Amino acid sequence: MKIRSPIVSVLGHVDHGKTTLLDYVRGSTVADREAGGITQHIGATEIPIDTINKICGNFIARLSIKDTIPGLFFIDTPGHAAFTSLRKRGGALADLAILIVDINEGFKPQTYEAINILKMYKTPFIVVANKIDRIFGWEVHEGASFMESFKQQAPVVQTELDLKVYDLVGKLHEEGFQSERFDRVNDFSSQISIIPICAKSGEGIVELIAMLLGLAQEYLTEQLEIHEDAPAKGTVLEVKEETGLGVTVDSIIYDGVIRDGDEIALMDTNNLVKTKIRSILRPLPLEEMRDSKKKFKKVDEVVAAAGIKITAPNLDDVVSGSPLRVLSDEEDAEAELLKELEDITVDTDDEGLFVKADTLGSLEAVVHLLKEMDIPIRSAEIGDVSKRDVIDASIAKDENIEHGVIIAFNVKVHPKAENDLSNSGVKLFAGDVIYQITEDYEAWVQERKEAQKKQWLESIIKPAKLMILPKLIFRQSKPAICGIEVEAGTVKQGYSLMNANGDYVGTIASMEDKGETLTAISRGQRVAMAINDAIAGKDFEEGDSLFVDIPEKHYKILEREFKDKLNEDEFTALDEILEIKRIKDKDWGKFGLFE
Ligand SMILES: Nc1nc2c(ncn2[C@@H]2O[C@H](COP(=O)(O)OP(=O)(O)OP(=O)(O)O)[C@@H](O)[C@H]2O)c(=O)[nH]1
């Protein structure tokens with residue numbers, strides 16, 4: 001068993017300094033390049049332990065880190081898109097992550113997104129609080145450790161920094177993490193270290209590197225064990241067309257050995273792709289690159305961890321995030337890959353939303369998040385939103401509006417699908433921050449529920465009470481016409497009326513006030529009312545109170561769902577109506593055992 005270097009990714013909000021940090025980490029060893037200070041991979045940079053020892057020897061001694069880990073392997077492309085692409089079955093490819101936060105700006109949408117992704121993959125991480133040089137009064141000490149530089153700051157500046165660090169501690173706490181400034185952490189397995197740094201001047205970088213190494217040694221060595229002679233396992237970072245080489249795949253190999261001429265298996269959106277390696281390429285050292293047009297050099301074999309470019313036939317449809325396996329014991333590797341593809345794309349429900357994403361990894365992340373929210377998924381695929389997606393969603397919409405929805409992460413709508421989309425009424429939730437898309441979707445569902453409830457409430461017959469005004473009976477019957485005043489609630493045309501004994505009186509045919517026909521009138525209004533079926537003097541008298549006859553089902557809905565929506569006078573009328581109803585049926589309005 002050999003131990004490989006831990007793979008480290010940098011995540012964080014846009015402009016918080018991911019690239020600057022990576023540049024510094026790589027640049028800090030550039031002088032040493034020829035002496036083996038740094039190993040350039042495709043898509044990654046490795047800093048060997050000797051170089052690390054040179055840069056931060058003191059710290060490493062203090063943290064009692066041994067030389068068992070060969071170095072640190074930094075993925076060159078920062079950001080969570082790269083992070084989710086670089087997946088392997090059941091987790092992230094990165095063993096460790098650096099979450100970078102601008103100390104002056106604090107948490108931003110993509111910071112939360114990164115945390116969600118790290119939580120999902122259970123990836124251990126260190127928080128770096130970047131741009132400390134922007135704290136008012138900070139005196140820059142190029143390349144110094146954080147502690148050294150901190151000691152030399154004025155007390156107000158030190159206090160200011162600590163306040164900002166505590167803001168981050170608070171935010172991390174809200175996300176369910178215990179954290180502390182790294183020098184105050186007493187248990188690295190339960191607390192997250194926050195390292196204040198300046199990616200421009202390099203302050204704090206030595207501590208960052210030492211901490212990464214310390215964490216890897218303490219908690220990851222088992223996961224870093226590799227089988228040097230086993231068929232390689234890797235992940236596709238990017239599929240790229242290269243002049244003179246055709247379509248190539250850039251991949252990170254995290255276990256085993258890969259050789260020129262090996263048979264490998266990869267994935268396109270739906271199938272296994274098998275091919276034979278034509279060549280394995282590594283970057284040409286910078287010095288040599290200057291003298292030639294070539295960027296790569298051919299190698300016969302590489303052992304994990306490594307970043308390589310592979311040329312081979314049939315790579316055109318391979319997707320980024322695809323697993324890569326060297327096939328030796330073909331059946332096993334193939335079956336494993338197929339199962340993996342199934343895990344991500346086929347584990348869907350009969351009904352639900354349509355999900356599109358740009359890579360296998362991001363698709364997996366979106367699907368995972370939606371499932372956690374108990375949102376059913378009908379289909380999950382890689383690629384832009386197509387005409388077919390819109391048609392499928394539109395069919396689903398006819399059955400359930402909430403399923404006529406497409407969630408699109410980091411992909412575009414195909415121009416041919418745009419028209420259909422706007423005509424179909426299918427809802428599209430698109431963006432590049434997963435949790436914002438899901439939040440928007442949830443807000444929309446909530447809004448729809450509220451609107452539905454409102455519509456429902458409007459169709460429900462609500463309690464109301466009216467009085468037959470004295471000396472204002474204009475006609476005895478067919479229909480009876482009389483002056484009334486509404487005493488509680490709202491009375492509408494078509495409502496049935498009952499008297500104080502619960503007997504049916506008649507149905508409101510029409511209402512009129514000063515020559516104007518009204519369909520609904522409220523408390524305090526006086527109108528002339530025509531009542532079908534009723535005979536004045538027999539079914540009611542002047543001065544009688546009449547009540548709206550509420551169907552029992554409506555009463556129950558009011559009681560259960562909308563009681564808080566009734567006015568005080570409606571509330572009292574409802575009580576009166578209940579009492580009247582129970583004269584004839586003592587169980588009226590009571591809920592049955594199974595209701
Ligand atoms: N003052 C100061 N500026 C910094 C520091 N780190 C980064 N910056 C600046 O912040 C800006 C953004 O930095 P980047 O490294 O490009 O940020 P990023 O997170 O990689 O941004 P994207 O790649 O666009 O997501 C640049 O102008 C950097 O020069 C720092 O420590 N101090």
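Looking at segment 536-560, which of its residues are open to solvent by 70 Å² or more (accessible area, probe 1.4 Å) and touching a strand residue (DSSP E or B) at 6+ places or on another chain (Cβ under 9 Å)?
Answer for segment 536-560, where residues must be open to solvent by 70 Å² or more (accessible area, probe 1.4 Å) and touching a strand residue (DSSP E or B) at 6+ places or on another chain (Cβ under 9 Å): 538, 541, 542.
Of the residues that make up segment 170-180, is at least one farther than 21 Å from residue 19 by Cα, among the acidic types (Asp, Glu), without any contact (Cβ under 8 Å) to a residue 24 or more places away in the chain and away from the ligand (no atom under 16 Å from the Cβ)?
Within segment 170-180, one or more residues are farther than 21 Å from residue 19 by Cα, among the acidic types (Asp, Glu), without any contact (Cβ under 8 Å) to a residue 24 or more places away in the chain and away from the ligand (no atom under 16 Å from the Cβ).
Please pick out the residue among 48, 109 that is over 30 Å from residue 337 (Cβ atoms), touching a strand residue (DSSP E or B) at 6+ places or on another chain (Cβ under 8 Å) and open to solvent by 10 Å² or more (accessible area, probe 1.4 Å).
Criteria check complete, one pass: 48.
Would you mind stating whether residue 179 is assigned to a loop (DSSP other than H, G, I, E, B), small (Gly, Ala, Ser) and closer than 30 Å to residue 54 by Cα?
Taking the combined requirement at face value, the residue does not satisfy it.
With (1) touching a Pro at 6+ places or on another chain (Cβ under 6 Å); (2) assigned to a strand (DSSP E or B); (3) of a type outside the set (S, T, N, Q) as the list, and residue 266 as the residue in question, which single condition is left unmet?
(1)
Within the bounds of segment 81-91, is there any residue that is within 15 Å of the ligand (Cβ to nearest atom), on the phi > 0 side of the Ramachandran plot and touching a residue at least 12 places away in the same chain (Cβ under 8 Å)?
The answer is no; no qualifying residue exists.
Go over the candidates 265, 304 one by one and state the one that is in contact with a helix residue (DSSP H, G or I) (Cβ under 6 Å, 6 or more places away or on another chain) and modelled with pLDDT of 90 or more.
The conditions single out 265.
Are any residues in segment 182-202 not in a loop (DSSP other than H, G, I, E, B) and not aromatic (Phe, Trp, Tyr), and if so, which ones?
183, 184, 191, 192, 193, 194, 195, 196
Of the conditions (1) exposed (fewer than 14 other Cβ atoms within 10 Å of the Cβ); (2) within 30 Å of residue 551 (Cβ to Cβ), residue 349 satisfies every one except a single condition; which number is it?
For residue 349, the exception is condition (2).
Since residue 450 meets every condition but one in (1) open to solvent by less than 20 Å² (accessible area, probe 1.4 Å); (2) more than 28 Å from residue 81 (Cβ to Cβ); (3) among the acidic types (Asp, Glu), which condition does it not meet?
(1)
Select from segment 269-301 the residues that are at pLDDT 90 or above, open to solvent by 60 Å² or more (accessible area, probe 1.4 Å) and part of a loop (DSSP other than H, G, I, E, B) and list them in ascending order.
278, 300
Hey, among the residues in segment 187-210 that are among the aliphatic types (A, V, I, L, M) and in contact with a Ser or Thr (Cβ under 6 Å, 6 or more places away or on another chain), which one's farthest from the ligand (Cβ to nearest atom)?
Among residues in segment 187-210 that are among the aliphatic types (A, V, I, L, M) and in contact with a Ser or Thr (Cβ under 6 Å, 6 or more places away or on another chain), the one farthest from the ligand (Cβ to nearest atom) is 192.
Those residues that are basic (Lys, Arg) and either within 10 Å of the ligand (Cβ to nearest atom) or modelled with pLDDT of 95 or more (or both), I need them from segment 97-132; list them, please.
Scanning segment 97-132 gives a single hit, 131.
For segment 205-234, what are the residues that are surrounded by fewer than 16 Cβ atoms within 10 Å (Cβ to Cβ) and among the acidic types (Asp, Glu)?
218, 222, 225, 228, 229
Residue check, residue 157 against (1) of a type outside the set (S, T, N, Q); (2) surrounded by 17 or more Cβ atoms within 10 Å (Cβ to Cβ); (3) under 19 Å from residue 98 (Cβ atoms), all met but one. Which one?
Looking at each condition in turn, residue 157 falls short on (3).
Looking only at residues in segment 133-149 that are within 15 Å of the ligand (Cβ to nearest atom) and in a helix (DSSP H, G or I), which one is most open to solvent (accessible area, probe 1.4 Å)?
Ranking the qualifying residues of segment 133-149, first place goes to 134.
The values are calculated or read from the model by the stated rules, or taken from the named source; none is laboratory data. No experiment lies behind these values; they were computed from the predicted model shown. In this analysis, Cβ positions are derived from the backbone assuming ideal geometry, glycine residues included, and neighbour counts consider all displayed protein chains. Calculation scope for accessible area: heavy atoms of the full protein, side chains included, ligands and nucleic acids excluded. Shrake-Rupley method; radii C 1.70, N 1.55, O 1.52, S 1.80 Å.
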